[in-house]
Amino acid sequence: MTLVLHVPDRIEYPLEVTQSPELLRPGDTATLTFRILNPATRRQVSHFELVHEKLMHLFIVSENLEFFAHVHPVLQPDGSFVLKQRLPDGGMYRMLADFYPSGSVPQLAVDTLFVSGTCRPSALTPALAPSKSVNLTASLRLDPPTPLAGLGTKMFFTLKPGEGLQPYLGAWGHMLVASADLIDMIHLHPFIANGSPDVQFNITFPRTGLYRIWTQFQREEKVNTVVFTVPVKAL
């Protein structure tokens, strides 16, 4: 038998999001329904592959970059995904969905929610000091020390305590990077990691400006979310 290499075309699958209640207020728990459509037939997709132990990963970030959630909508019998999520403040929330329709390729899709009222103001400034979470503190070193837009940056994390580290959802770490204006959202996993306290991520920041970076590590059954804010300069 002759083997033929077949790699599916990288075609974007549209994501439709509906919400209940229709008018969201600060503090409401929203019921969000996600439907993925086949781009060729416009019919709803109902079969998905696991991506890091889940059928869908969803990142939610508020417009002031103070609220962050990494959650997992639940697949329903009709192929839609449903999530109940409390939204604490007014204003805009950006969502990044990560999913893998069977027979296609992994997908990333962005959408926006609005909650009535305004969000608490936040003066975003560079924040590179060690970040402490539940039972872990992370230090960050950048190479180059000041990232340049369009060029690769290496991000070296040192985790303390270094013992008791565990994979979280099939990876030694999960990272979400968001630009201050929430136009750019990037989901990454480590480039080098083996369970030691030293973890490396690689990234190319697309534009100049400030980027808020949430990185999740698991230690002794606790998920730790550490936060940094990185300035990116022009070439």
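Which residue out of THR225, THR153 is polar (S, T, N, Q) and under 17 Å from the mean Cα position of the chain (by Cα)? Reasoning before the result, please.
Values: THR153 fails: under 17 Å from the mean Cα position of the chain (by Cα).
Just one listed residue meets the conditions, THR225.
Test PHE157 against the stated conditions and say whether it is among the aromatic types (Phe, Trp, Tyr), farther than 23 Å from LEU108 by Cα and surrounded by 15 or more Cβ atoms within 10 Å (Cβ to Cβ).
Against the criterion (among the aromatic types (Phe, Trp, Tyr), farther than 23 Å from LEU108 by Cα and surrounded by 15 or more Cβ atoms within 10 Å (Cβ to Cβ)), PHE157 qualifies.
I want to confirm something. Restricting to region 1-15 and keeping residues that are among the aliphatic types (A, V, I, L, M) and modelled with pLDDT under 95, which single residue is nearest to ASP89 (Cα to Cα)?
Looking at residues that are among the aliphatic types (A, V, I, L, M) and modelled with pLDDT under 95, I get ILE11.
Have a look at ALA171, ALA193, ALA180 and point out the one that is in contact (Cβ under 8 Å) with a residue 12 or more places away in the chain, over 29 Å from LEU113 (Cα atoms) and surrounded by 14 or more Cβ atoms within 10 Å (Cβ to Cβ).
ALA193
Please specify each residue of region 11-38 satisfying the condition of being exposed (fewer than 13 other Cβ atoms within 10 Å of the Cβ) and either touching a Phe, Trp or Tyr at 6+ places or on another chain (Cβ under 9 Å) or at positive phi (or both).
Selection gives THR18, GLY27.
From (1) crowded, with 18+ Cβ neighbours inside 10 Å; (2) among the charged types (D, E, K, R); (3) within 21 Å of LEU151 (Cα to Cα), pick out the condition that doesn't hold for ARG219.
(3)
Could you tell me whether region 204-221 includes any residue that is at pLDDT 95 or above, touching a Pro at 6+ places or on another chain (Cβ under 8 Å) and of a type in the set (Asp, Glu)?
Within region 204-221, not a single residue is at pLDDT 95 or above, touching a Pro at 6+ places or on another chain (Cβ under 8 Å) and of a type in the set (Asp, Glu).
Report, by residue number, each residue of region 116-150 that is under 22 Å from the mean Cα position of the chain (by Cα), of a type in the set (D, E, K, R) and over 23 Å from VAL61 (Cβ atoms).
ARG141
Against the condition at pLDDT 95 or above and assigned by TED's automatic domain parsing to the domain that holds ILE60, how does TYR100 come out, does it pass?
For TYR100, the condition - at pLDDT 95 or above and assigned by TED's automatic domain parsing to the domain that holds ILE60 - is met.
The values are calculated or read from the model by the stated rules, or taken from the named source; none is laboratory data. What you see is a predicted model; the values in this text were computed from it and never measured. Methodologically, a virtual Cβ is constructed for each residue, glycine included, from the backbone with ideal geometry; neighbour enumeration extends over all protein chains shown.
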